[in-house]
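So the structure is just underneath, and the comments pick up after that.
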Amino acid sequence: MSRPVARKLAVGIWLIAVGAVIFGALILPACQKEAQYPNVILISVDTLRADRLGCYGYKSGITGMMDFWAEKGVRFAKAYAPSPWTLPSHASVFTGLYPTEHRAIDEKINIDSEAPMLTEALKQAGFTTAAFVSHIYLGPEYGFDRGFDDFVLKPNATADVMVSKAKKWLKKHRKENFFLFLHLFDPHTPYQPPPDYAKKHYPSDLGVYVSGTTKDVMDVIHQWPSEEAQKMRRGLSALYDGEIDFVDNQLEVLFKFMQENMLDQNTLVILFSDHGEEFMEHGLMEHGFTLYEEQLLVPWIMYFPGQMPAETVLDEPVNLIDLLPTLLDFLGLPAEKKPISGKSLMPLIRGEVETLGRSLLAETTRQGPDRVTIIKDREKYMYSPPFALNGRSFGEYLFNLQSDPGEEHDLFGEQRKLAEKLKGELFSGGLYVQRRAWHMRWGKSNGKTPLQASISAAGNFIYVYKQNTIYGTNRRGLLESREYALDKSDPRRLRFGTLCQRANGVSFMTDPETADVSFHLMIDGRERPERIWLGDPSRHPGSGNFTLKEPVELTPGTEPPAGGVLIWSEPLWVNFKQILRAEVGDPIQLSPEVRKQLRELGYISGD
């Protein structure tokens, strides 16, 4: 923890001031009906990785406003997002819960109606509340409108538009006790800042032009590590900087407005990001898929002159789930009655403790099996069943973040006991359960080997993912998968076909877990049971049409035959909300407008 000696007196004065604010808020004249609190502006800059801010070490000088707030306030040096994508991470901010706890783990599931909501607590305390958000993931269908008096959703609006709307609302409500949530989406793909910002940041010596689209992003992945791909990545990174620069400029516009309207001295400003962004540090671009530091480390800054200690940098690892309890604690409001995983950070800010002595989690379900990581004492264990995304392999990893902050050296093999210890702690908390999963894999054929498959279950398929999803873009430049098509329209049946031109496969679970699973497989247009291996080359079904009632063990080292199929089962860890979803069905039905936007973004497919 960085605490300059000269700050001790300032911290003491600050504690007295905070005590006076809280005392005044709680001990009020009998004639006064409502407590008076500082105003709060909560700002989320979507997709902003921490190391692109000057106060976190970046040298480009593009975040002057954010750096000013950090210099004059409190900065958390190691703030972790609970998930590397927008919906679950923001839901965690507003509930104090991990994604598995609040339920909003994918595009079809909203925030649990029983989960606490920060805005409802503030509304009950007398705050006038408003939200200005620029992505449908933060919309009413997902439950984010709870507790807001005014809620404005303008999908994909730029920062200047959103700041302008926020200013108009603030001008109207500046004499009220308010809570304003402002969400700015600009750093997210496509990386297309205003032309003057693009020109300012784009390298003049690059020799190639990228427009910042999803196609450019996918071209980098598929052409990596060619010289052309590295140039394209450099161009995309520069455009990303341009977006951040533009957002920072608009935050300065907002802050000047606050000064002009005398709101800067009685308003707590909290700035954070929901997740970071990857630029091929670990083989992928964008976010949502991996749990490496570039996708999880985010800025978190709290600025309030006279009330938050200036020049305070806290090195204790924290998580965005801590924002709700920290804010309630600062305001002197009652702690959330419902159990939450977040902890108030005010004891750290006040200097009452040096550490909270706990582990932190982050998780994602995007385009594959559940992946989760635990971070404790600068050790980081990452769990994923083996699978691939755009050829990038996933599995179990262990990193020492103190000696290896870039996560370049996997220690899982040589420090297995430590990995198992962290794994035990991770899965002992009840958020994840072990369930039987089925795997079907086929080997690459030297020629073209048609494989037609129909898999049915005496129950529902609840957990289906491809062994390797390969993304590209279509003629409209929108994200699409390029491997075999998987028909999941029937909850009790899976259908697909492939020519086995590359090795791949499918994994799934069923509900109930012990449901019989029936396979009808046609290889080269006919049943070929000798080319269907059940766990190893010596076991085959009687025909290409068969039912498996019991688990099938995999013989270690067995790989699927070329143009043939290998089937087995094993226990996997899965977040328990997947099981809940199987029991209750999709909690929400997305509107046609939302489904259309999600399809255009490449987040969902089909109807």
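Read the figures in this text as sums done on the coordinates, not as results from a lab. Note that the structure is predicted; figures quoted are calculated from it, not measured. Cβ sites come from the backbone with ideal geometry, for glycine too, and all protein chains shown count toward neighbours.
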Residue-averaged 222 nm ellipticity for the chain, from DSSP H runs of 4+ at -39500 (n - 2.57), nearest 500: -8000 deg cm²/dmol
Cα-Cα longer than 25 Å, checked against Lys175/Lys256; Lys215/Lys448; Lys72/Lys380, kept in input order, equals Lys215/Lys448; Lys72/Lys380
Pairs from Lys168/Lys337; Lys108/Lys154; Lys165/Lys577; Lys199/Lys231 whose Cα-Cα separation, in the structure shown, is over 26 Å: Lys168/Lys337; Lys165/Lys577
Sequence-distant or interchain residues sharing an amide H contact under 5 Å with Asn390, placed H: which? Thr469, Ile470, Tyr471
At the level of C-alpha centres, the distance separating the range 457-511 and the range 161-240, in angstrom, is 32
Answer label for Rg/Rh (Cα atoms, Kirkwood Rh) (calculated), chosen among (1) 1.06; (2) 1.24; (3) 0.99: (3)
Can you tell me the Rg and the Dmax, both Å, for the Cα atoms in the range 434-601? 16.9, 52
If you rank Arg436, Arg234 by fewest surrounding Cβ atoms within 10 Å, what's the result? Arg436, Arg234
Tell me, rounded to the nearest percent, the portion of alpha carbon pairs in the range 368-429 spaced more than 16 Å apart. 44
Please provide three numbers in whole Å: the alpha-carbon extents of the range 153-306 along the principal axes, with the largest listed first. 57, 33, 29
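Could you rank the peptides 447-453, 185-191 by their average count of other C-beta atoms within 10 Å per residue, with the highest value first?
Working: 447-453: 15.9, 185-191: 23.7.
Result, highest mean Cβ count within 10 Å first: 185-191, 447-453.
Scan the range 485-564 for trypsin sites (Lys or Arg not before Pro) in coil per DSSP, keeping those whose Cβ has at most 16 other Cβ atoms within 10 Å, and list them by number. Kindly include the intermediate steps, with their values, before the conclusion.
Numbers: sites: Lys488, Arg492, Arg493, Arg495, Arg502, Arg526, Arg531, Arg539, Lys549; in loops: Lys488, Arg492, Arg502, Arg539, Lys549.
Listed in order of number, the matching sites are Lys488, Arg492, Arg502, Arg539, Lys549.
In percent, how large is the relative contact order of the range 368-429, given Cα pairs closer than 8 Å and 6 or more residues apart? Write out the running numbers ahead of the final one.
Details: 83 pairs, mean separation 16.3, N = 62.
Reported as a whole number, the value is 26 percent.
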Residue by residue through the range 128-136, the couplings from Karplus 6.51 cos²θ - 1.76 cosθ + 1.60 with θ = phi - 60°, in Hz, x for Gly and Pro, are 7, 10, 8, 10, 10, 10, 10, 8, 5
Distance in Å, no decimals, from the C-alpha centre of the range 103-130 to the one of the range 55-97 is 21
Nearby aspartates and glutamates by direct alpha-carbon distance to Lys421 (threshold 18 angstrom, same-chain neighbours under 8 apart not counted): Asp377, Glu379, Glu396, Asp410
About the Cα centre, charge dipole magnitude for the range 368-429 (Lys/Arg +1, Asp/Glu -1 at Cβ), debye: 160
Cα long-axis angle, helix 214-223 against the chain (0 to 90 degrees, to the nearest 10): 50
Which value, in nm² and rounded to one decimal, describes the direction-averaged projected area of the C-alpha convex hull of the range 489-563? 5.7
Return the distance in nm (one decimal) between the two label points of a simple spin-label model at Glu252 and Glu408, each offset 7 Å from Cα along Cα→Cβ. 3.5
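Among Lys199, Lys175, Lys343, what is the fewest-to-most ranking by other Cβ atoms within 10 Å? Could you put the intermediate results ahead of the total?
On the way: Lys199 11, Lys175 7, Lys343 18.
The order, fewest Cβ neighbours first, is Lys175, Lys199, Lys343.
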Among Val247, Val517, what is the fewest-to-most ranking by other Cβ atoms within 10 Å? Val517, Val247
